[in-house]
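Notes follow once the structure below has been shown.
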Amino acid sequence: MTRRLMLLDTASLYFRAYFGVPDSVRAPDGTPVNAVRGLLDFIGRLVQDHRPDELVACWDDDWRPQWRVDLIPSYKAHRVAVETETGPDEEEIPDTLSPQVPVIESVLAALGIARIGAAGYEADDVIGTLAERAEGPVDIVTGDRDLFQLVDDERAVRVLYPRKGVGDCDLVDSELIRAKYGVRPDQYADFAALRGDASDGLPGVKGIGEKTAAQLITEYGDLAGVRAAADDRTSKLTPAKRRGIVEAAAYLDVAPTVVRVARDVPLPDFDPTLPAAPHDPAALQALATRWNLGGALTRLLPVLAGVRPGA
């Protein structure tokens, strides 16, 4: 039987929930729980709309892996709140969001939803690895365009890219990527490296924006082809483009490794099956009372059990 796997870029979703749900949503002691409640509602809507058989909340055990920083020191540097020598740097997170993250972990555990991370890797890499292993169709839920590189029509791997909310997602397949960016999914990482991404601290190549990057990747096939054209004085590259690519050689040597999602991350054994009932009902009830999650769980639990609300 073909089983549909849904992979959540969890931090992407709880950040979206935090900024999309009013912080007036609070626990009895006044602590904001908007990210927790919003994420639970997101999960319920995603399960209701797309009916996965398996669901994994993919986690950033290291949101800024040292091996990526060693290659490009500016990688996510603007998002660092505290640098640490012995472990992952601390990410700059709003003060009222940070305390909600452990609550999210506890609620997912009580529900029985698999939450998987890997030391030294980002959630993107966990997603890439699980998508690579999957035997059936895969829905990747993320607001991060870098994961477009994983789209594969032949293997039925697509991205659900939320616009206003998870009930309003772009269904990203190869056709949409080609229409919007002018490249194939397997070219997207090279395109992104060439273009750069300020939100990730990737400088790109001076003078080459999104449209030019797409034109170059399309014309020369991949980043290696673009660099070969820059070294070839008989190619059609303009002097300015040629100069920019040559001068960015040190960056382009390492950028593809940083941008490409890992697909071979060692992961623990776990059961990705979507739970039909809570794994630990008593713990879930205690969390619901402590954090005022009753309404969100009342909406979510019937969906997990296979009953659509109002049916």
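The values are calculated or read from the model by the stated rules, or taken from the named source; none is laboratory data. Quantities reported herein were computed from a predicted structural model and do not represent experimental measurements. We place every Cβ from the backbone using ideal geometry, glycine too, and count neighbours over all the protein chains shown. For the accessible areas, the whole protein counts, side chains as well, though only heavy atoms, and no ligand, DNA or RNA atoms are used. Shrake-Rupley method; radii C 1.70, N 1.55, O 1.52, S 1.80 Å.
Screening segment 82-118 for residues that are among the β-branched types (Val, Ile, Thr), in a loop (DSSP other than H, G, I, E, B) and open to solvent by 20 Å² or more (accessible area, probe 1.4 Å) and picking the one that is nearest to VAL25 (Cα to Cα) gives THR96.
What are the residues in segment 169-198 that are in contact with a Gly (Cβ under 9 Å, 6 or more places away or on another chain), under 30 Å from ARG45 (Cβ atoms) and open to solvent by 20 Å² or more (accessible area, probe 1.4 Å), if any? Once the filter is applied, which keeps residues that are in contact with a Gly (Cβ under 9 Å, 6 or more places away or on another chain), under 30 Å from ARG45 (Cβ atoms) and open to solvent by 20 Å² or more (accessible area, probe 1.4 Å), segment 169-198 yields only ASP197.
Being open to solvent by less than 60 Å² (accessible area, probe 1.4 Å) and touching a helix residue (DSSP H, G or I) at 6+ places or on another chain (Cβ under 7 Å) is not true of LEU71. Looking for whichever is in contact with a strand residue (DSSP E or B) (Cβ under 7 Å, 6 or more places away or on another chain) and over 19 Å from MET6 (Cβ atoms) here; the options are THR142, THR96. Which one fits? Answer to the selection: THR96. If you check ASP170, ASP144 for being among the charged types (D, E, K, R), within 15 Å of the chain's Cα centre (by Cα) and over 30 Å from ALA230 (Cβ atoms), only one passes: ASP170.
The single residue among SER174, SER199 that is at pLDDT below 95 and either in contact with a Cys (Cβ under 6 Å, 6 or more places away or on another chain) or closer than 21 Å to LEU150 by Cα (or both) turns out to be SER199. Between ALA248, ALA229, the distinction of being modelled with pLDDT of 95 or more, more than 29 Å from the chain's Cα centre (by Cα) and open to solvent by less than 20 Å² (accessible area, probe 1.4 Å) belongs to ALA229 only. If LEU150 satisfies every condition in (1) buried (at least 22 other Cβ atoms within 10 Å of the Cβ); (2) modelled with pLDDT of 95 or more; (3) within 30 Å of GLY294 (Cβ to Cβ); (4) of a type outside the set (Lys, Arg) but one, which is the exception? The number of the failed condition is (3).
Within the set LYS241, LYS211, the sole residue that is of a type in the set (Lys, Arg) and surrounded by fewer than 14 Cβ atoms within 10 Å (Cβ to Cβ) turns out to be LYS211. Among the residues of segment 147-169, the one identified as of a type in the set (D, E, K, R), more than 19 Å from ILE217 (Cα to Cα) and touching a helix residue (DSSP H, G or I) at 6+ places or on another chain (Cβ under 7 Å) is ASP153.
Can you tell me which residue among GLY244, GLY306 is more than 27 Å from PHE148 (Cβ to Cβ) and small (Gly, Ala, Ser)?
Values: GLY244 fails: more than 27 Å from PHE148 (Cβ to Cβ).
Being more than 27 Å from PHE148 (Cβ to Cβ) and small (Gly, Ala, Ser) holds for just one of GLY244, GLY306, which is GLY306.
Filtering segment 129-168 down to residues that are without any contact (Cβ under 8 Å) to a residue 40 or more places away in the chain and of a type outside the set (D, E, K, R), which residue is nearest to LEU40 (Cα to Cα)? Here the answer is TYR161.
Considering each residue of segment 287-304, count those that are open to solvent by 60 Å² or more (accessible area, probe 1.4 Å) and either modelled with pLDDT under 95 or part of a helix (DSSP H, G or I) (or both), and give that number. The qualifying residues number 4. Among the listed residues ARG263, ARG290, identify the single one that is of a type outside the set (A, V, I, L, M) and touching a Ser or Thr at 6+ places or on another chain (Cβ under 8 Å). Only one candidate passes the filter, namely ARG263. When segment 5-21 is filtered for residues that are without any contact (Cβ under 8 Å) to a residue 40 or more places away in the chain and open to solvent by 30 Å² or more (accessible area, probe 1.4 Å), the ones remaining, listed by number, are PHE19, VAL21.
When restricted to residues that are more than 23 Å from PRO52 (Cα to Cα) and either at pLDDT below 95 or not in a helix (DSSP H, G or I) (or both), segment 266-286 contains 1. Within segment 155-168, being open to solvent by 40 Å² or more (accessible area, probe 1.4 Å), among the small types (Gly, Ala, Ser) and at pLDDT below 95 holds for one residue alone: GLY167. Restricting attention to segment 23-45 and to residues that are out of contact with any helix residue (DSSP H, G or I) (no Cβ under 6 Å at 6 or more places or on another chain) and surrounded by fewer than 21 Cβ atoms within 10 Å (Cβ to Cβ), the residue that is farthest from LEU293 (Cα to Cα) turns out to be ARG45.
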